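Worksheet for the structure shown next.
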Amino acid sequence: MTVNVLSRVAERVYWLGRYLERAESTARLITVNTNLIMDLPVRLPLGWRPLIDITGSGELFESLYGKRNATERNVCRFLATDTRNPGSIINSIVGVRENARTVRENMPRITFEYINELYLFARSALVPGQPRSRRGEALIQISRLAQQLEGFLSQNMLHDAHWELLRLGNYIERADMTTRIIDVRTVDLIAGHHELEPFQDIQWRSVLRSFYAMQAYHASVREPVDPPLVLEFLFNDERLPRSYLRCLNSVRRSLRGLPRNGAAVHTCDRALKALQDTDVARLGGMAHSVELHQFINDCQVHLIELHDAIVNTYFG
Amino acid sequence: MTIDWHAYQSAGFHDELVLPSGRARAGAGELVQALAKLSDDELVERKTAADLAIRSMGITFSVYHDGTNIDREWPFDIVPRLILKREWDEIARGLKQRVRALNAFIDDVYHHRRSLRDGVVPEDYVLKSREYRSRCAGIDPPYGVWSNVCGSDLVRDADGSLYVLEDNLRVPSGVSYMLENRAVMKRIFPELFEHYAIHPVDDYPTELAACLRSLSPRDVRTPRIVVLTPGIYNSAYFEHAYLALEMAAELVEGPDLVVADDDCVYMRTISGLERVDVIYRRIDDLFLDPRAFRKDSMLGVPGLMRAWQAGNVALANAPGCGVADDKVIYTYVPDMIRYFLGEEPILANVPSYRCAEKDHRDYVLDNLQDLVVKPANESGGYGMLIGPQSTRRQRDEFVRVIRANPRNYIGQPTLTLSTAPTLAGAAVEPRHLDLRPFILSGEDIYVTTGGLTRVAMRKGSIVVNSSQGGGSKDTWVVERATKERVA
């Protein structure tokens, strides 16, 4: 008898994948921003607000903390520990755990120990208002535990339909986060702030660091950090695990391992075609920031359509 | 300070490990001695290691109405309980005998009712039982077995004699804790396993899977087996998931299943609908099928009873099997054994008074202070009166409810449940316990080796239910040790 997957289980595995990726990338975002802030002069308008925009939760943040209150303390609390924010690290980890609780029989038994460890650690180590050093250690550890969990699953879980669904969740979330980081870091952050130009190099480096991709960039591109090249690298380098192209290709590969994949594969191919038809490097120039933003918007729409196709095919 | 077994007193009770003299019971010598070699710090260290193992393994049970915290770590005691293999073999024989008779009785109730006509059990008790399901009449579950998974509770009185307290024929739980207890013990006391020939318990999932497979209506090589759970908020959800995993069965909730126009059961999957052969259901009869029973049930599957009646799916346990899981019917089990099997009962019932019978009722009402009074159909230790620990007001309330509905109550003498040494802080103190073995009936019949030992963690308490502050211990069925030692 072929191994099949319950629709309900499929949905939970998919979300497990998304939440795990989200917890990890949010932890990384805060870490990278903390480092960036330390490299920039204090008087600059750059701050913590971009992180709120990256996660697309401006309205919620303002309703909870007020309009001009994007302080380090508030933003970190909102993104890390605030249970009122559905996308906070703690809620993402709770999401991982809750979804895992209901699908634990579909993974190696010890998986739940790893997940529990991540959950218990996050709950005890993340404290609102804690000093940067403590927060930094906690976030790095969370990022590590999350990556360890992903690695563990990759090396030990049966690579069957459950696995493909988990990867779908991982890669769609990752593609989403990749485009958001590029969007905010390159458009909102840099455009229009002429006093920042001397620090542009630092900011582009911070974009790369958000992906742990500084060394990868140098190894792959072999040129100094330059906006068009960075964009080309982050969107189109198939060798970079977090590049948009790589994410889409991975989504496509995972879909091929699932039954009834027609509609979703078709949607994925349209997203790939749109990427292929766009000269991403050209959008790296200051003059094209509006176009870049529009292109990223289109990418996000493709990802939403892809998500919907998966929901409609498999979770109904 | 280490454990001083001579100072250990379980006065007036039968202790499972230690004799009143402070000597170890037969077979327990090695264990008692090994524990006495540990310093206080080491004992506490092992306990902490056990707690950690349980925490990280995510072994939890949840309690209804426990607010937001649906996970609570499940209390585990690190001192195992021992039973000699020779005694166990006899108990296992008695359990098989009992369950065979109970299944024969249930099958009779839903068919010819010979035993009722012959006056073995009063017809009135059976047909007015809350668990009697008229729509099950005439159904033929495989092998005539209705309760495929039974959990019988055994207790020992002060003089060491063993009694069956009740037979949980409907949806007994706890077996996963039996299995996990052993896993935890192996982690924290690996050296003890070198000295003892402890009989393994981990064949249970394999046996359960074989039992369920034997029920399949379709003659296919690998029938599709599912475990039907009410979902993650159920107190036994951990167990449902655990068993599904161990059996490589699918863990499903009601909405995952659908009964199609062909009266067959299917599950919703990413490839579409897939046929289901056997449902190990862990939800009560009344929630199984909103079309047949409770209309407001969100847990069940509309049309499931229709599919079962058509013989297209097996349900374990069979709906209606609870008719014999009734504390009044329980009092007739020894008679059932004689009637259906022509054998004398191997295991004893607790002497019981049926409140529906006038002389029994009068006795119960006159002696409430000394008796335990139980309602016919509650489980989990709810709704009962423990005479010696009751208040005047509680007893008055029971006089009222017994008079109002005598059929629903039985009285039993308060047994002084046996004890076993249990860690309390860094000291070891006696705590009361019982034992729940599990009996599987399908094509074959199987009894777990030992079972789940439940222990009342509160001093003096005899309520061992996990929902009311009970914990558990690993249960070792051992060959008699080569030599006994003074502890």
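Read-outs throughout are calculated quantities, based only on the coordinates presented, and are distinct from any laboratory measurement. Only a predicted model underlies this, so the values are computations on that prediction, with no experimental measurement involved. Neighbour counts run over all protein chains shown; Cβ positions are idealised from the backbone, glycine included.
Which value in deg cm²/dmol, rounded to the nearest 500, describes the helix-derived mean residue ellipticity at 222 nm for chain B, given -39,500 (n - 2.57) per DSSP H run of n ≥ 4 and division by the residue count? Spell out each step's value before the answer.
Working: 15 runs with 139 residues, N = 487.
Rounded to the nearest 500, the figure is -8000 deg cm²/dmol.
Please report B:Leu84, B:Leu127 as a ranked list, fewest other C-beta atoms within 10 angstrom at the top and most at the bottom. It would help to have the intermediate numbers written out before the result.
Numbers: B:Leu84 18, B:Leu127 13.
Fewest-to-most ranking of B:Leu84, B:Leu127: B:Leu127, B:Leu84.
How high is the relative contact order of chain A, in percent, with contacts defined as C-alpha pairs under 8 Å that are six or more residues apart? Could the numbers behind the result be given before it?
Details: 385 pairs, mean separation 71.1, N = 316.
That works out to 23 percent.
Rounded to the nearest 10 degrees, what's the angle between the helix B:85-109 long axis and the longest principal axis of chain B, both from Cα atoms, 0 to 90?
It works out to around 20 degrees.
Counting partner chain Cβ atoms within 10 Å of every residue's Cβ in B:263-274, what's the average?
On the way: counts 0, 0, 0, 0, 4, 6, 11, 20, 9, 4, 0, 4.
Taking all residues of B:263-274 together, the mean is 5.
What's the FRET efficiency of B:Arg93 with B:Asn377 using the Cβ-Cβ distance as r and R₀ = 25 Å, to the nearest 0.05?
Numbers: r = 29 Å, r/R0 = 1.16.
E(calc), rounded to 0.05, equals 0.30.
Please compute the average number of Cβ atoms from other chains found within 10 Å of each residue's Cβ in peptide B:241-252. If you can, show how the numbers build up before the last one.
Numbers: counts 7, 3, 1, 3, 6, 2, 1, 2, 1, 7, 8, 3.
Shielding by partners across B:241-252 averages 4.
When only Cα pairs under 8 Å and 6 or more residues apart are kept, what is the percent relative contact order across chain B? All intermediate terms of the calculation are to be shown ahead of the outcome.
Details: 1003 pairs, mean separation 123.4, N = 487.
Averaging sequence separation for qualifying contacts and normalising by length gives 25 percent for chain B.
What ranking do B:Met336, B:Met457 get, fewest neighbouring Cβ atoms within 10 angstrom at the top?
On the way: B:Met336 24, B:Met457 20.
With the fewest neighbours first, B:Met336, B:Met457 line up as B:Met457, B:Met336.
Of the candidates A:Val280, A:Val207, A:Val221, which one comes out as most mobile in a Gaussian network treatment of chain A with C-alpha springs shorter than 10 Å?
Among A:Val280, A:Val207, A:Val221, the largest GNM mean-square fluctuation belongs to A:Val221.
So what are the three principal axis dimensions of the stretch B:351-413 from its Cα atoms, in whole Å, longest to shortest?
25, 24, 23
Check the straight Cα-Cα distances from B:Lys96 and name the lysines below 21 Å, setting aside those fewer than 8 residues away within the same chain.
Reachable lysines: B:Lys85, B:Lys327.
Which ordering of B:Cys150, B:Cys211 is given by a fewest-first count of other beta-carbon atoms within 10 Å? Walk me through the numbers before you get to the answer.
Details: B:Cys150 26, B:Cys211 22.
Taking fewest neighbouring Cβ atoms as first place, the list is B:Cys211, B:Cys150.
Have a look at A:Ser124, B:Gly119, A:Leu283 and report the one farthest towards the positive end of the charge dipole of the protein assembly as shown, computed about the Cα centre with Cβ charges (Lys/Arg +1, Asp/Glu -1).
Farthest towards the positive pole: A:Ser124.
Distance check, please: which entries in B:Lys128/B:Lys358; B:Lys186/B:Lys459; B:Lys37/B:Lys186 exceed 20 angstrom between their Cα atoms? Write down the numbers at each step before the final one.
Details: B:Lys128/B:Lys358 18 Å; B:Lys186/B:Lys459 27 Å; B:Lys37/B:Lys186 18 Å.
Check vs 20 Å cut-off fails for B:Lys186/B:Lys459.
Mind pulling the angle between the C-alpha long axis of helix B:392-404 and the longest principal axis of chain B? Nearest 10 degrees, somewhere in 0 to 90.
30
Using Cα springs under 10 Å in a Gaussian network model of chain A, which residue among A:Arg73, A:Arg135, A:Arg252 shows the largest mean-square fluctuation?
Answer for the Gaussian network model of chain A: A:Arg73.
If you wrap a convex hull around the Cα atoms of the stretch A:160-316, how much volume per residue is inside, in Å³?
100
Arrange the peptides B:182-193, B:94-105 so that the one whose residues have, on average, the most other Cβ atoms within 10 Å appears first. Write down the numbers at each step before the final one.
Working: B:182-193: 16.2, B:94-105: 22.3.
Packing order, densest peptide first, comes out as B:94-105, B:182-193.
For every other residue with a beta carbon closer than 15 angstrom to the beta carbon of A:Phe315, add +1 if it is Lys or Arg and -1 if Asp or Glu, then tell me the sum. Please list the in-between numbers first.
Working: positive: A:Arg8, A:Arg12, A:Arg18, A:Arg260, B:Arg268; negative: A:Glu11, A:Glu164, A:Asp308, B:Glu253, B:Asp256.
Neighbourhood net charge equals 0.
Expressed as an acute angle from 0 to 90° and rounded to the nearest 10, what is the orientation of the C-alpha long axis of helix B:237-247 relative to the principal long axis of chain B?
With both axes taken from Cα atoms, the answer is about 80 degrees.
Based only on the alpha carbon positions, what is the Kirkwood hydrodynamic radius of the stretch B:403-487, in angstrom? Intermediate results must be reported in sequence, preceding the final value.
On the way: mean 1/r = 0.0631 Å⁻¹.
Kirkwood radius, the stretch B:403-487: 15.9 Å.
Between rounded, prolate and oblate, where does chain A land on the alpha carbon gyration tensor, with a ≥ b ≥ c its root eigenvalues, rounded for a/c under 1.5, else prolate if a/b exceeds b/c? Walk me through the numbers before you get to the answer.
Numbers: a/c = 1.84, a/b = 1.23, b/c = 1.49.
Oblate, because a/c is 1.5 or more while a/b does not exceed b/c.
Are there DSSP H segments in chain A that both extend 30 Å or more along their axis (alpha-carbon positions) and score a mean Kyte-Doolittle hydropathy of at least 0.0? List them, or say none.
Numbers: long enough: A:7-39 (48 Å, -0.21); A:132-156 (35 Å, -0.60); A:161-183 (33 Å, -0.34); A:289-314 (38 Å, 0.16).
Span-like helices here: A:289-314.
Which of these, A:Asp279, A:Asp237, A:Asp176, has the largest mean-square fluctuation under a Gaussian network model of chain A (Cα springs below 10 Å)?
Ranking A:Asp279, A:Asp237, A:Asp176 by mean-square fluctuation puts A:Asp279 first.
How big is the convex hull of the Cα atoms of the protein assembly as shown, per residue, in Å³? Mind showing how you got there, number by number?
On the way: hull volume 153.1 nm³, N = 803.
Considering the Cα atoms of the protein assembly as shown, their hull volume per residue is 191 Å³.
Rounded to a whole number, what is D in µm²/s for the stretch B:97-152 from Stokes-Einstein with the Kirkwood radius over alpha-carbon pairs (37 °C, 0.692 mPa s)?
Numbers: Rh = 11.8 Å.
Calculated translational D: 278 µm²/s.
For chain B, what does the alpha-carbon gyration tensor say about shape, rounded, prolate or oblate, given a ≥ b ≥ c as the root eigenvalues, a/c under 1.5 as rounded, and a/b over b/c as prolate?
Values: a/c = 1.74, a/b = 1.27, b/c = 1.37.
In terms of gyration-tensor shape, oblate.
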